[in-house]
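For reference, the structure is listed below as structure tokens.
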Amino acid sequence: MTDFLNFLRDQIRQVRDIENTAHDLLHNAADDAGYREAMHRKAELLANLSANAAPFLDALGLERRPMIEHKLDMFSQSARRSLDIGSVFYMSALLYPDDHKPGEPNTLETWLAELERTK
């Protein structure tokens with residue numbers, strides 16, 4: 001489980017880095033194209049989350065693995081949909097529920113915290 005949790009932490013760090021870059025591009029550099037590219041990178045990372053996590057899943061117990069695989073698939077499917085329709089807004093909203101407030105963790109961070117509490 002430790003390797004999988006470290007994988008998730010790394011993915012979360014990458015998402016945060018991409019989002020921070022995107023924010024700077026949009027608000028400080030007025031670079032709309034750069035912002036769109038950053039959101040596309042975020043969506044690609046999340047679309048590949050399930051596949052990239054696969055090597056870490058063998059070490060998980062049989063009781064937890066199906067739930068974890070399902071959750072990873074949900075994140076990846078949502079990101080693939082955003083890429084399929086090409087919506088930068090949808091890409092930017094990935095991981096954030098409608099009622100999200102600035103400073104609150106995103107849904108991937110919340111899930112990681114739940115997994116850490118129950119490992």
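The values are calculated or read from the model by the stated rules, or taken from the named source; none is laboratory data. Note that the coordinates shown come from a computational prediction; the quantities given were computed from them, not determined experimentally. For neighbour counting, all protein chains shown are included, and Cβ atoms are generated from backbone atoms with ideal geometry for every residue, glycine included. For the accessible areas, the whole protein counts, side chains as well, though only heavy atoms, and no ligand, DNA or RNA atoms are used. Shrake-Rupley method; radii C 1.70, N 1.55, O 1.52, S 1.80 Å.
With a Förster radius of 35 Å applied to the beta-carbon distance between PHE7 and TYR96, the computed FRET efficiency rounds to 0.95.
Note on MET74 and GLU114: with the Förster distance fixed at 22 Å, the Cβ-Cβ geometry gives a FRET efficiency of about 0.95. Cα-based values for the chain, radius of gyration first and Dmax second, are 14.8, 49 Å. When a 1.4 Å probe is rolled over the protein heavy atoms, the share of accessible surface on the chain that falls to carbon and sulfur comes to 51 percent.
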